[in-house]
1. What Rg and what Dmax come out for the stretch 71-127 when only alpha-carbon atoms are used, in angstroms?
2. Rounded to the nearest angstrom and ordered from largest down, what semi-axes does the equivalent ellipsoid of the chain get from its C-alpha gyration tensor (root of 5λ)?
3. Which Cα, out of Thr101, Gln81, Leu23, lies furthest along the positive dipole direction of the chain (beta carbon charges, K/R +1, D/E -1)?
4. Whole number please: convex hull volume per residue of the Cα set in the stretch 5-59, in Å³?
5. So what is the calculated 222 nm ellipticity per residue for the chain, using -39500 (n - 2.57) for each DSSP H run with n of 4 or more, over all residues, to the nearest 500 deg cm²/dmol?
6. Count the net charge of all other residues whose Cβ sits under 12 Å from the Cβ of Ala35, scoring Lys and Arg as +1 and Asp and Glu as -1.
7. What's the magnitude of the charge dipole for the chain around its Cα centre, counting Lys and Arg as +1 and Asp and Glu as -1 at the beta-carbon? Answer in Debye, nearest 20.
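FYI, it's all coordinate maths here, none of it is from the lab. Quick caveat: nothing in here was measured; it's all calculated off a predicted structure. Quick reminder, even Gly has a Cβ in these numbers, built from the backbone with ideal geometry, and neighbours come from all protein chains shown.
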Amino acid sequence: MTPSFAALSVRIAEAMAADATRLQRRLVRAQSTHAPAAAWTRIGEDLERTIVRRNARAANKPALAFPSELPVSQRADEIAQAIREHQVVIVCGETGSGKTTQLPKICLAAGRGERGAIGHTQPRRIAA
């Protein structure tokens, strides 16, 4: 059976971020041009491939350990909640507090990184 526009559109949210926009454009184009069934099938197959890739990433997350002596680790739950609720999160802390080493792990624990890469930078990198 040929997948429908509605069925495929709903599943776009499960795709890798890098593929989602391209697949959405293909869907809209296929609908507006009344594409043949073969085109819809190809879009469905491509969507399924990217979803499988995302699910594999989610299933293969590394075991995460947060050293209790690091201040950032001590606030990991609070930071993870901020990451889930906000598009941008700024974390300040002393040198050696675990910002660089623990923040990517906190992002993974918060469900980030499954659909794409985790962006992480430092102020001195931005200012340069």
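1. 11.1, 31
2. Values: eigenvalues 306, 48, 23 Å².
Gyration-tensor ellipsoid for the chain: 39, 15, 11 Å.
3. Leu23
4. Values: hull volume 3.4 nm³, N = 55.
Each residue corresponds to 61 Å³ of Cα convex hull volume.
5. Numbers: 7 runs with 76 residues, N = 128.
The helix contribution divided over the chain gives -18000 deg cm²/dmol.
6. Details: positive: Arg26, Arg29, Arg42; negative: none.
In short, +3.
7. For this selection, approximately 440 debye.
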